[in-house]
Amino acid sequence: MQNGAPLVSIIIPCYKAEKELPSALDSIARQTHTNWEVLVVNDCWQDSTEDIVNQFQKSYPNNPFKFFRHSKNEGLGATRNTGIKAAAGDFVAFLDHDDRWDPKHLEHALTTMSRAKADIYYSPVLVFNADGTGNDWIWGPTQEDLDQFPQSIFNRNFIQPSSAVFSREFITRLGPMDTAPAVHFCEDHDYWIRAVNLGAKFVTTSEVTAHYRYANPDAATSKIPLMIEHDISVQKKHLGSTVFFTATKHRAIAGNYRRLANFFWKSHHVKSLWFLTQSIYWCPRDLGTLRQFIKGIFYWPFLSRKLNRA
């Protein structure tokens, strides 16, 4: 400990990071909680990331820095795992290379955790566009999510990793993130569900001290179906959990299948109908999905387009 303050291990997974990483590191430098170590993990990308870290380190000789570079690209979960394994702190905090913190982020998180005797802290985040256009907005749990926690986390991932801080004791028990290809885009959702299954005490706050960069929305949109499919894999992985209600698990899976159906409604109508049948299988009493399926039987986009042109 530095002046009696607990050490926080800050894990920064990096990939094509040289443009945004300086901003993330600068937000660490401005923290009012000054006893931290930085663990930067480059997921096999050739750029100036290591030089940026080395230059930054010179200004903070009393803070430990650890740099790792994967010999092959392993994905975000594996990159965080490398940092988790090497972390020496009393607490572990995630900060993605393109996100940033307000100066009191760590101080507020540790104070809140101490008061609540919590294992995991999280909060809403301020979302900002990478190109600076548009208005920033707050993203995080709704009041309904908070009222129904922990059941609500099975249905929707409302915890952004860059807002999360773990006690060292609990993250050691929790272990590494799942790196299976089937959950590649949703390993953090799996992590929160696993934490609930282990009996973690979560604490949250309405104070927003983490900023999440909403980068390349067009690319994100193209990945929506795959992300939903991976989220379904996460949910099915935990069907045997006794912590979450059966109805909670089935409604969550059904809801994701309906999201897939809505995504493909006009572009791939047969696929959309197939996903609706899956949604009905998991939640047969959902009358809204049943009505949508019946409507879909009689609605064919290519016929509508032909009739409109006639």
Considering Ala195, Ala210, Ala200, which residue is of a type in the set (A, V, I, L, M, F, W, C), surrounded by 19 or more Cβ atoms within 10 Å (Cβ to Cβ), over 22 Å from Val243 (Cα atoms) and in contact with a strand residue (DSSP E or B) (Cβ under 8 Å, 6 or more places away or on another chain)? Ala210
Consider segment 56-92. How many of its residues are over 24 Å from the mean Cα position of the chain (by Cα) and closer than 22 Å to Asn35 by Cβ? 10
Of all residues making up segment 92-125, the number that are among the hydrophobic types (A, V, I, L, M, F, W, C) and farther than 22 Å from Asp178 by Cβ: 8
With the checklist (1) in a helix (DSSP H, G or I); (2) of a type outside the set (Lys, Arg); (3) over 24 Å from His184 (Cβ atoms) in hand, flag the one item Val243 doesn't pass. (1)
Asn73 - would you say it is in the same structural domain as Glu169 (by TED's automatic domain parsing), surrounded by 15 or more Cβ atoms within 10 Å (Cβ to Cβ), assigned to a loop (DSSP other than H, G, I, E, B) and touching a Phe, Trp or Tyr at 6+ places or on another chain (Cβ under 8 Å)? no
Do we have Asp102 as under 18 Å from His33 (Cα atoms), surrounded by fewer than 17 Cβ atoms within 10 Å (Cβ to Cβ) and touching a residue at least 12 places away in the same chain (Cβ under 8 Å) here? no
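The values are calculated or read from the model by the stated rules, or taken from the named source; none is laboratory data. Note that the structure is a prediction, hence the values are computed from the model and not measured. When we count neighbours, we look across all protein chains shown, and the Cβ atoms used for this are built from the backbone with ideal geometry, even at glycine.
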